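The structure appears below as structure tokens.
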Amino acid sequence: MFESPRRHREQGLKAAKPNTLDLVDYIFLVACLILGFYLRFSFLRQTNAVIDADEAIVGLMAKHIAAGFPVPIFYYGQAYMGSLEAILVAGVFYIFGPSSLGLKLVPLLFSMIFILCVYFLGRYLFDRTAGRFAALFAAVPPHGLLVWSTKARGGFIEVVVLGTICLILGLKILKYYKFNIRSFSLLGLILGLAWWVNNQSIYYCFALGLTLGLYALIRLGLLRSLTLLTVTLSSFLLGGAAFWYANLSWRPKFQSFFIFEHSNPSDLVKNIHGFFAQGLPMILGARRFWNTTAVFPYAEVIAYSCFTVIMIVAVSLAVLRREHRGGIILLLVFTCSIPLIFATSQFGWLSQEPRYLLPLYSSYFPLIGLSLSFLRSRTEELGAIAEAAVYILFSALLSLHLASLYHGEITPGEPFIFKGERVAKDQSQLYDWLEQNNYRHIKTNYWIGYRTAFETNEAITFSRYKGPQSLRIPDYERDIRRREYAPLVLVPTQANLLSKGLSDQGFRFRTTPVGSYVVIDQISPISGEQKLVPLQAEELATTHNQEERALLVDGKEDQRWGTKHVQEPGMRIDVNFSKPRIISGLNLDLGAWKHDYPRELVIYGISPDGSSCKLIDTRGNTALHYALEEERTLEFYFPKLSVKGLSISQEGQTPQMDWSLAELKVFEPENDK
């Protein structure tokens, strides 16, 4: 694979550099850029440049930066994915003002740069024809790359561009024997920047480090190799200075590195199978992202056949052509290492939406160009066979790309909310309704909420309701308890279920269809205004941990009473009032221990005559369970009732969690005499 150092003196390795761009190259590249821009901008027009919540986060970051707020180091709410994309979008917003289209212009621009990058990578890899083929297929890409060419999701297309530039630098080092401090300093600097931008830079770091490291050891020896390694690492740290500053200054340190945790070893085989059965066909264009079916019959067979031919040609040339060997080996190492790194990472399960495989395009297009150019150059020797191979391979690949773009619906669906129902493509009706009703804060799903905040220029903020629970902007949820009766924005199936659950909890409310959503607002207890019934520890009795029962009524929500035993049927809290009382509700405050919620709950009121009346029973009540899950407080209201006590019984079972409460609160009607 590698030649001896004696045969690789610097003078001998300085191959003739390719000619500068000629008029044909300029015309071809301009045509590819126009074609690529047309396809991507047409896609934006079809989708009305609609964004999802993750893109809205980048937009909100950019809006804050443009307004003069401190520049965040990472994507809001996480310790990875640097803010480069948001910083660049902030420049667009500063000039043109915030908009969804302005948000998408930055990844669109980078996707144009990517077309140029793969041209030069293909050209340095083999020849100008290879570069042209590579640029053409990057301009007319499979569905996945088209979609992610316009998604501002935290540096996904940007890291592909930066990584491709690094592959070009690595290829030039190998081809022109640029094993010098200047080349390795520049390479380390850009790799460091890519490391901060997006964790997918690890693919490029691994392939370049392994290939260049082995070549340097064989050609230069240990001492000079260590010198270049030191230079590269120093530049790498400088390029990723923001990443290292954050990880050294935060507490705990090195928070970003949790992203590199490996997957469960038992999942490795499943992840590898998912890569080849789902992820790679999507990358090659045989399937669309988020889709389980091929774009046309036997598309996956055609895709794998083409990919196999491309890899065979590349391996053959690596063995036979010394002048191209280093670059081809670099791209082969890069291509083959991606599935291994992907499958062993914690993201290896994301095969049906393989955004963590986008770097494969950095090598895939140049290898296509390499194969087509080589076969084309052999037509004089092999005649019709080579010529037919070129036409078949070219036609098959282009057909896959075009079919993935235009066979059926090209636009991906919006994120799912509940039971197959999605975010609306247009939320303007919701914004109009909220403005008409003077609402400035709502409770809703992550995917609806952050998009709402961006598209209304933060005139409307939100608190997260149900999953996902990723918290990006904590200020939206400050003093959330004052907003606990904020309007709920739900999809219809979700609203139907929750309406029943709220009714069973004892709430009255208004339900209003608004566009694709249903808004539930004016939520209040059926028994009207409430006031707190003072409770004393002496009035309480518990089946477990009786000695700490005072924590249930100490008024301190940062302390809890717990059973100190896993949940099992029959656990009980009894309230024995010192005298009969008129009550109308109760509140079980879980505090910070939401995971210790009671799996099944039955509550009885004990009448003055000693008889019992069942007030609440969650057993088998799907709607009530849905209304209560993930809530910090479990609230129940009922018509006023005269009791001398309450029995709160936990009837569920879990092998891990105990039953905890921060505070137990009982209410009586505000105006009761």
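The values are calculated or read from the model by the stated rules, or taken from the named source; none is laboratory data. As the structure is a computational prediction, the values presented were derived from the model and not from experiment. No Cβ is skipped: glycine too gets one built from the backbone with ideal geometry, and neighbour counts run over all protein chains shown. The protein model used for the area step is the full one, side chains on, heavy atoms only, and it has no ligands, DNA or RNA in it. Shrake-Rupley method; radii C 1.70, N 1.55, O 1.52, S 1.80 Å.
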What pairs can you find where one residue is in the stretch 282-294 and at positive phi, the other is open to solvent by 10 Å² or more (accessible area, probe 1.4 Å) and modelled with pLDDT under 90, and their Cβ atoms are less than 9 Å apart, with a gap of 6+ or different chains? 290/352; 290/353; 290/412; 290/413
I'm trying to understand the selection: among the residues of the stretch 654-666, which are open to solvent by 30 Å² or more (accessible area, probe 1.4 Å) and either farther than 19 Å from residue 561 by Cβ or hydrophobic (A, V, I, L, M, F, W, C) (or both)? 655, 657
Any residue in the stretch 113-132 that is more than 16 Å from residue 163 (Cα to Cα) sitting within a Cβ distance under 7 Å of a residue that is part of a helix (DSSP H, G or I) and among the basic types (Lys, Arg)? List the pairs, counting only those 6 or more apart or interchain. 129/376; 130/123; 131/123
Just give me the residues in the stretch 613-653 being assigned to a helix (DSSP H, G or I) and open to solvent by 50 Å² or more (accessible area, probe 1.4 Å), in sequence order. 622, 625
Which one of 603, 583 is β-branched (Val, Ile, Thr), more than 21 Å from residue 500 (Cβ to Cβ), in a strand (DSSP E or B) and open to solvent by less than 10 Å² (accessible area, probe 1.4 Å)? 583
Taking first residues from the stretch 368-381 that are without any contact (Cβ under 8 Å) to a residue 24 or more places away in the chain and second residues anywhere that are among the charged types (D, E, K, R) and assigned to a helix (DSSP H, G or I), the pairs with Cβ under 8 Å that are 6 or more apart or on different chains are 379/387
Test: residue 591 is assigned to a strand (DSSP E or B), under 30 Å from residue 655 (Cα atoms) and of a type outside the set (Phe, Trp, Tyr): no
Residue 158: passes all of (1) part of a helix (DSSP H, G or I); (2) of a type in the set (D, E, K, R); (3) open to solvent by 10 Å² or more (accessible area, probe 1.4 Å) but (3)
Which condition from (1) farther than 22 Å from residue 472 by Cα; (2) outside any helix (DSSP H, G or I) is the one that residue 138 breaks? (2)
Within the stretch 508-532, which residues are under 35 Å from the mean Cα position of the chain (by Cα) and among the basic types (Lys, Arg)? 510
Looking at the stretch 416-446, which of the residues that are assigned to a loop (DSSP other than H, G, I, E, B) and of a type in the set (A, V, I, L, M, F, W, C) is surrounded by the most Cβ atoms within 10 Å (Cβ to Cβ)? 423
Counting only residues that are surrounded by fewer than 19 Cβ atoms within 10 Å (Cβ to Cβ) and closer than 25 Å to residue 415 by Cα, how many does the stretch 337-346 have? 1
So, residue 363, is that one polar (S, T, N, Q), touching a residue at least 12 places away in the same chain (Cβ under 8 Å) and open to solvent by less than 30 Å² (accessible area, probe 1.4 Å) or not? yes
With 413, 449, 369 as the choices, which residue is touching a strand residue (DSSP E or B) at 6+ places or on another chain (Cβ under 6 Å) and crowded, with 19+ Cβ neighbours inside 10 Å? 449
Within the stretch 1-40, track down each residue that is modelled with pLDDT of 50 or more, open to solvent by 70 Å² or more (accessible area, probe 1.4 Å), assigned to a helix (DSSP H, G or I) and of a type outside the set (Ser, Thr, Tyr). 23, 24, 27, 30, 34, 37
